[in-house]
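Peer 1: Would you mind keeping the following structure in view while I ask a few things?
The values are calculated or read from the model by the stated rules, or taken from the named source; none is laboratory data. Just so it is clear, the model here is predicted, and its values are computed rather than measured. In this analysis, Cβ positions are derived from the backbone assuming ideal geometry, glycine residues included, and neighbour counts consider all displayed protein chains. Side chains are part of the model used for accessible areas, which takes the heavy atoms of the whole protein and leaves out ligands, DNA and RNA. Shrake-Rupley method; radii C 1.70, N 1.55, O 1.52, S 1.80 Å.
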Amino acid sequence: MKHIGWRERLFKSTRGKILELLWTRERTVNELAEELRLTDNAVRAHLATLERDRLVSQSGMRPGVRKPHTTYALGTEAEQLFPKAYGRLVSLLMSIFSRQIKPRNLRAGMRAAGRAVAQEHLHELEGKTRQQRIDAALCILKELGGAAAFREEDGRDFIYGNGCPIAAATANHAEACLLAESLLAKIIGLPVRERCIRGAAPSCRFELQTKSARVQSDS
């Protein structure tokens, strides 16, 4: 109980809010300052403390108007603060299934699982707009143990995610991502294409296949 109380107090603080923002995606000092309505120096002071505790780490550089901006992501010690699902168990099950059934059947099974999860929510989405469906999809992913955000880039629409609840499975079984792909497609009502990054620092990315995007990808 003491641990739970400490965790709740952390997430009510400014540092906790920074961690929650970084759980969604990597951000720069300027982006954090804008979200939290703080000065850049105030954000840097909090980041310095979080870096010291290995809750946050510098993850890369992003081009800026005058100079590149450092991006920050969750550190190794922050993983225990956020809910995790059964990634290792899913990885084990997929290893077993992959030896017993054909690859196409395994992929079909993951898609069917995603549609089954989505089916439980479809009654809530009748008459909803496209954006409302996207917002609902983001909430469902969060309920499953991940974090996601909608972003538009170069005229294309993406859903980015961090803290994937089955990351332990997707590292070795890319077809596991098809579960989220089919879930999002069913909820949003548009074709969705999985474009995830795997490896030591996995990152979820799904492209919403609007008509213009499909024409561009087919050309």
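Peer 1: Using a 1.4 Å probe and counting only protein heavy atoms, arrange GLU194, GLU51 so the residue with the most accessible area comes first. The partial results should precede the final answer.
Peer 2: Working: GLU194 40, GLU51 65 Å².
Order by accessible area, largest first: GLU51, GLU194.
Peer 1: If you don't mind, there's one more thing I want to ask. Can you put LYS67, LYS186 in order of accessible area, largest first, using a 1.4 Å probe?
Peer 2: Ranked from most to least accessible, the order is LYS67, LYS186.
Peer 1: Using θ = phi - 60° and the Karplus curve 6.51 cos²θ - 1.76 cosθ + 1.60, what whole-Hz ³J(HN,Hα) does each residue of the stretch 133-138 get, with Gly and Pro shown as x?
Peer 2: The phi angles translate into 5, 5, 4, 5, 4, 5 Hz.
Peer 1: Can you return the aspartates and glutamates within cross-link range of LYS17? Criterion is Cα-Cα under 14 Å, with same-chain partners fewer than 8 residues away left out.
Peer 2: The reachable aspartates and glutamates, counting only those whose Cα sits under 14 Å from LYS17, are GLU8, GLU26, GLU31, GLU34, GLU35.
Peer 1: Within 10 Å, count the other beta carbons around each residue, average over each peptide in 72-78, 175-181, 99-105, 147-153, and list them highest first.
Peer 2: Listed from highest to lowest mean packing, they are 175-181, 72-78, 147-153, 99-105.
Peer 1: A follow-up question, please. Report the FRET efficiency, 1/(1 + (r/R0)^6), for GLU120 and PHE97, where r is their Cβ-Cβ distance and R0 is 30 Å, rounded to 0.05.
Peer 2: The calculated FRET efficiency here is 0.85.
Peer 1: Please enumerate, by chain and number, the aspartates and glutamates with C-alpha under 18 Å from the C-alpha of LYS186, excluding those fewer than 8 residues away in the same chain.
Peer 2: Within the straight-line limit of under 18 Å, LYS186 reaches these aspartates and glutamates: GLU120, GLU124, GLU126, ASP135, GLU143, ASP157, GLU175, GLU194, GLU207.
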